[in-house]
1. If amide hydrogens are placed 1.01 Å from N in the peptide plane, which non-local residues have theirs closer than 5 Å to the one on LYS105?
2. For segment 102-116, just list the computed ³J(HN,Hα) in residue order, Karplus coefficients 6.51, -1.76 and 1.60, θ = phi - 60°, integers in Hz, with x standing in for Gly and Pro.
3. When DSSP assigns beta bridges and you keep just the ones with both residues in the chain, what percent turn out antiparallel, to the nearest 5?
4. Along the Cα-to-Cβ line of LEU79, 7 Å from the Cα, sits a label point; which residues in segment 145-177 have backbone N less than 19 Å from it?
5. Sort SER104, SER86 so that the residue with the fewest other Cβ atoms within 10 Å of its own Cβ comes first and the one with the most comes last.
6. Taking the Cα centre as origin and putting +1 on Lys and Arg beta-carbons and -1 on Asp and Glu beta-carbons, what dipole magnitude results for segment 113-177, to the nearest 20 debye?
7. Set the Förster distance to 45 Å, then compute FRET efficiency between THR11 and ASN49 from the Cβ-Cβ distance, nearest 0.05.
8. Once you've got the Cα coordinates, tell me which of LYS70/LYS105; LYS84/LYS171; LYS63/LYS98; LYS70/LYS132; LYS103/LYS171 are over 27 Å apart.
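All of the numbers you see were taken from the coordinates with simple rules; none came from a lab. Being a predicted model, the structure only gives us computed values, none of them experimental. In this analysis, Cβ positions are derived from the backbone assuming ideal geometry, glycine residues included, and neighbour counts consider all displayed protein chains.
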Amino acid sequence: MEFRKQFPFATRSLTLLVIAVGIILILVYIGFYNYQGIASLDTEINDLNTKINTHQSYAPMTKQLFERMKVKAQRNLPLPAKAKLSVEQKDQISLIFKDMAQKSKLELLSVSPDINSMVGGSAAMLVHATLKGDYYNFRNFLIELGDRPFLERVEEIEIQQVPGTKEFRLKVWLVVG
């Protein structure tokens, strides 16, 4: 009590000092918390900038790849005027299929015209063909086959997985004259 009487301003100053230190500690805590948040945001911003720079460096290459994809997608399928298979071509049907297979980078295993399909004066002949190779090369073979004017229709396509490659069996109807 005597202390308060002798120094009345000391208790008030001590109280104010404790309150000021408390406020300073709270502000330091808030500042430290904000500093950690800002530091984490800075690292996130730096990571995003690195990703953006990486994507920008790949931009010319991706643009070029998209242009290449568009060129391939614009390829039109052939649709020739229909014509009949001549007698000479009928005899050389295996050579015609072999030529198409070579152009498409496929191996022609067999070609067999079905003679029974021509009985009774039929205007079409059934041909069985077996090819071996890659699926994308088979696609090119089908495009090449569709470009032939004597093709009436493709009746059946059978694909079998053979170790290391694929085997394709076709039933194709050709217009004969």
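1. It is none; the list stays empty.
2. Here the 3J(HN,Hα) series is 5, 4, 8, 6, 10, 9, 7, 8, 7, 9, 9, x, 8, 5, 5 Hz.
3. Numbers: 27 of 28 bridges.
Looking only at bridges with both residues in the chain, the antiparallel portion is about 95 percent.
4. Zone members listed by number: 145-154.
5. Values: SER104 21, SER86 12.
The order, fewest Cβ neighbours first, is SER86, SER104.
6. On the way: 7 positive and 9 negative charges, 15 e Å.
Value, rounded to 20: 80 debye.
7. Numbers: r = 56 Å, r/R0 = 1.25.
About 0.20, to the nearest 0.05.
8. Violating the 27 Å limit, Cα to Cα: LYS63/LYS98; LYS70/LYS132.
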